[in-house]
Amino acid sequence: MLPKGLTARSWIVADAESGEVLAAHNAHWRLPPASTLKMLFADTVLPKFPKATQYKVEPKDLEGVGAGSSMVGIKEGETYSVHDLWLGVFLRSGNDAVHVLSAMNGGVAATVQQMNEHADELQALDTDVVSPDGYDAPGQVSSAYDLTLIARSGLQKQDFREYCSTLTAKFPGATTKNKKGRTVRETFEIQNTNRLLTGDYDITQYQGIAGVKNGNTTNAGATFTGVAEQGGRVLLVTVMNPEKDDHNEVYKETAALFDWGFQAAGKVTPVGELVPPRGAAQTGAQPGANSGEGGEAGEAGGIGNVSERPVAGAVAKNGSGGMGTAMAIAGGALLLLAGAAFLVNRRWPLPDLVRRRR
């Protein structure tokens, strides 16, 4: 049986390697994605700039950052490495970091166009990008199905895997003069806002969690896509806009779906399959894939037909651009993604998960 008490408007549980969708509910509803859209931004832009590249921020680079946005604290006139900027995107969901990277990439408009083109290549057909940072904008939508496709693509990239699984990092502050008159630039700590990765006072770090991205805005409510490994199986879960307004509810429902998925994998009939990118499909890399044609899942399978693509409007709910800083950091083992391949047959490989202690 599926977990009791699920209130999300849309959700999906999928095997990250085989692409089988184990269960889904309104998986193609087109909803505001909030900062989960930053996964598409990263998958599109991250490969373009070496992480050691240095960039000096100009005032115009930060124009258009939405009021109330989540910010990492970028300062005009300061120089940052691309590595720093991506840490700001993934850990603090910094819209300021997104806009600086977009400026490096030819501007917001060019970046939005590239993101939409990349979404089309991934066959994320429910997704329309208006703002690269996921900030609420008319017409900006995605779906649980698409966000799962996007996460699956991003996780093929080593840098993407490392950033989305990082708990804490040092971020450059402002350049100042110390008491001796010397120019200094101190750093401050930033923490990942993914509560299944860090833990919180009312939720523990999820066993096997390795990313990916959370979000929260007024129109989107809380959104989250996560990847986890247990017993050699890798699952992706996306949850969008739980109606229940409890603290960390999106993570609690995600954890419940992960628990169900790891128990049900191999025992239930899949309700569909994640499609491959167009290029992979054309080369035959993932034959026979489909978007989930077929009936609804049975008793332990899920709710809703994955092939449905209804359009759903935004629901107003109190929130802000991005999640807050983590309130507690859980220690212990953290499962991270690395380069070695699983020794199993699959149509579109996801690099292996290995343990690393912090």
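Work out how much length THR175 to LYS60 would gain on full extension: take 0.36 nm times their residue separation and subtract the Cα-Cα distance, in nm to one decimal.
Extra length available between THR175 and LYS60 comes to 39.4 nm.
Can you pull out the GluC sites (Glu not before Pro) in the range 78-153 whose DSSP state is coil and whose Cβ has at most 16 other Cβ atoms within 10 Å? Spell out each step's value before the answer.
Values: sites: GLU78, GLU117, GLU121; in loops: GLU78.
Answer in residue order: GLU78.
Output wanted: per-residue J couplings in Hz (rounded whole) for the range 131-142, from phi through Karplus 6.51 cos²θ - 1.76 cosθ + 1.60, θ = phi - 60°, x for Gly and Pro.
Each residue's phi maps through the Karplus curve to give 10, x, 9, x, 4, 3, 8, x, x, 8, 9, 8 Hz.
Spelling out what I want: for every residue of the range 247-257, take phi, set θ = phi - 60°, compute 6.51 cos²θ - 1.76 cosθ + 1.60 (Karplus), and round to whole Hz; glycine and proline get x.
Those phi angles translate into 4, 6, 4, 4, 6, 5, 6, 5, 4, 5, 6 Hz.
What is the packing order of peptides 4-17, 259-272, 59-72, taking the mean over residues of other C-beta atoms within 10 Å and listing the highest first?
Highest-to-lowest ranking by the protection proxy: 4-17, 259-272, 59-72.
Give the separation of the Cα centroids, the range 1-76 to the range 212-250, in Å.
The two parts, judged by their Cα centres, are 11 Å apart.
From the square roots a ≥ b ≥ c of the eigenvalues of the alpha-carbon gyration tensor of the range 28-92, which class results: rounded (a/c under 1.5), prolate (a/b over b/c), or oblate?
Oblate, because a/c is 1.5 or more while a/b does not exceed b/c.
Tell me the Kirkwood hydrodynamic radius of the range 207-268 in angstroms, computed as one over the mean inverse distance between distinct C-alpha pairs. Before the final figure, lay out the partial values.
Values: mean 1/r = 0.0821 Å⁻¹.
Final number for the Kirkwood radius of the range 207-268 is 12.2 Å.
Sort 197-206, 172-181 by packing, meaning the average of other beta carbons within 10 Å per residue, with the highest value first.
Values: 197-206: 18.6, 172-181: 10.4.
The densest-packed peptide leads the list: 197-206, 172-181.
With charges only on Cβ, +1 for K and R and -1 for D and E, what is the dipole size of the range 1-151 about its Cα centre, in debye, rounded to 20?
Magnitude of the dipole: close to 360 debye.
With all distinct Cα pairs included, what does the Kirkwood hydrodynamic radius of the range 147-223 come out to in Å, to one decimal, could you say?
In the range 147-223 this quantity evaluates to 15.2 Å.
Sort 132-145, 157-170, 84-97 by the packing proxy (mean of other Cβ within 10 Å over each peptide's residues), most packed first.
The most tightly packed comes first, giving 84-97, 132-145, 157-170.
The numbers here are math on the coordinates, done by the rules we state, and not lab data. Bear in mind the structure is a predicted one, so any value in this text is a computation, not a measurement. When we count neighbours, we look across all protein chains shown, and the Cβ atoms used for this are built from the backbone with ideal geometry, even at glycine.
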